[in-house]
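First comes the structure, then the notes that go with it.
What follows is calculated from the coordinates using simple rules that are stated; it is not laboratory data. Nothing here was measured: the structure is a model prediction, and the numbers come from that model. Backbone-built Cβ (ideal geometry, glycine too); neighbour counts: all protein chains shown.
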């Protein structure tokens, strides 16, 4: 059984067969339909349950089934076509299954235009020495682009550390972003460059040449979240998944990442074991350094209240709920829809918002509600009261502020299942968790800890009354969960010194 690339020459061999695509990738399927006139796709097989069901691809209805469907296929008339970025990994999985039932013919894979383009450049540069280039990228894949997330998070914190420590004198530091012109403020700094990740398929030859030169010759590649762009790297290139947080939510879909990057960073032994489990990594791929962006907590920016035009208060409490309904185009990330007047947990009516605002005003406290960038803003009420302020991502983007750069000014944090609460533990300040939908969230997404409440380093809030009580505690200087938080800090964090970037660089020998 061989893995064969689908081409214009051999596609004719598939036309009198029943084609079963392996792994559901709508982009690849649309591209496939445009390049080859194939209308005999019977179904798609995918182990990811979130993809199961009916889909529409260019006005054609496609049904996606799980692996069990393979036992129902007539193998004598079937041919299998892999449509995945990681086609060699898919081939290994599919071939083992088909060999067990006696299928011994070739399996095909479809290589998208972008992959074909990259492989040509990979072949061009395969004998060239790597250069002193360090490549950065943050945020999700290009099709899920959200403004600001492409220059943020752990990758940005590490990048800024390297500049502050003059590492750009030895290495050229290159960022992949959506719009390079947005970062002209770095033009005056030597050996800093921004290029567009859209150049991977640019019709401008100069842009495309430059994109692949950097991708093929960078010694180190750092990313936060999306890593598919670096899937075809050479063995001597070092890819590091900085990720965006060690939190409480489990991974939605398991895919073994052992061969998708060389290292990932975590914050403790506890999370080393978790990441080995949910990402299919070896122990030697885990760097227990702490996260780069956690260093910002210890060095908050100046004048944050003035820059965000916030009211004065004796206490500032941040509320960072995780998203439930994602923005259009990101529906596959949805947890579930929260049906209430406000779109917020617990404080679920406009009247409760007004009542809460009165309590905050009385206690001279300000509640800052910061939404997740993925959150569908249309699902959240327009809350702008005197002491309950909704901080939109747009204002943070305009002021060039990362959330960890201002959390250091807060007096307390309210969260739910977001990893920001784990970061925030390092400040040793009160935390509360809204948990009224805990069972629903558990069945929708799930947690990395079996008994989730045992691992929440703060006060548990199940009702609106609980929420108000926490506000009063903060105003009165009461820290009711202090003992539990400090016990968990010792388990969940190895380092508490704001030196994570230094450790990451040292571990990699940069």
Using a basic spin-label model with each label point 7 Å from the Cα along Cα→Cβ, how many nm lie between residue 283 and residue 72? 4.3 nm
Sum of -39500 (n - 2.57) over DSSP H runs of 4+, divided by residues of the chain (222 nm, nearest 500): -8000 deg cm²/dmol
Using alpha carbons only, how many angstrom separate the centre of the range 451-510 from the centre of the range 53-82? 46 Å
So, relative contact order of the range 3-111 in percent, Cα under 8 Å, 6 or more apart, is 36 percent
Can you give me the angle between helix 464-475 and the longest principal axis of the chain, using Cα atoms only, in degrees from 0 to 90, rounded to the nearest 10? 60 degrees
Taking R0 as 25 Å, what FRET efficiency do you get between residue 34 and residue 123 from their Cβ-Cβ distance, rounded to the nearest 0.05? 0.50
Determine, for each peptide in 89-95, 35-41, 491-497, the mean count of other beta carbons within 10 angstrom over its residues, then list the peptides with the highest first. 89-95, 491-497, 35-41
Inter-label distance, nm, simple model (7 Å from Cα along the C-beta direction), residue 444/residue 409: 3.2 nm
Taking the Cβ of each residue in 181, 400 as the centre, tally the other Cβ atoms inside 10 Å and list the residues starting with the fewest. 181, 400
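Report the Stokes-Einstein translational diffusion coefficient (µm² s⁻¹, integer) for the range 419-477, Rh taken as the Kirkwood radius over Cα pairs, at 20 °C with viscosity 1.002 mPa s.
Rounded to a whole number, D works out at 170 µm²/s.
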Semi-axes (Å, rounded, descending) of the ellipsoid equivalent to the range 376-481 per its C-alpha gyration tensor are 23, 19, 16
Expressed as an acute angle from 0 to 90° and rounded to the nearest 10, what is the orientation of the C-alpha long axis of helix 87-99 relative to the principal long axis of the chain? 60 degrees
Stretched fully, the stretch from residue 307 through residue 454 gains (0.36 nm per residue minus C-alpha distance, one decimal, in nm) 49.1 nm
Can you tell me the 0 to 90 degree angle between the C-alpha axis of helix 205-217 and the longest principal axis of the chain, rounded to 10? 80 degrees
When a/c reaches 1.5 or more, the comparison of a/b and b/c decides; with that in mind, is the range 3-111 rounded, prolate or oblate per its Cα gyration tensor? rounded
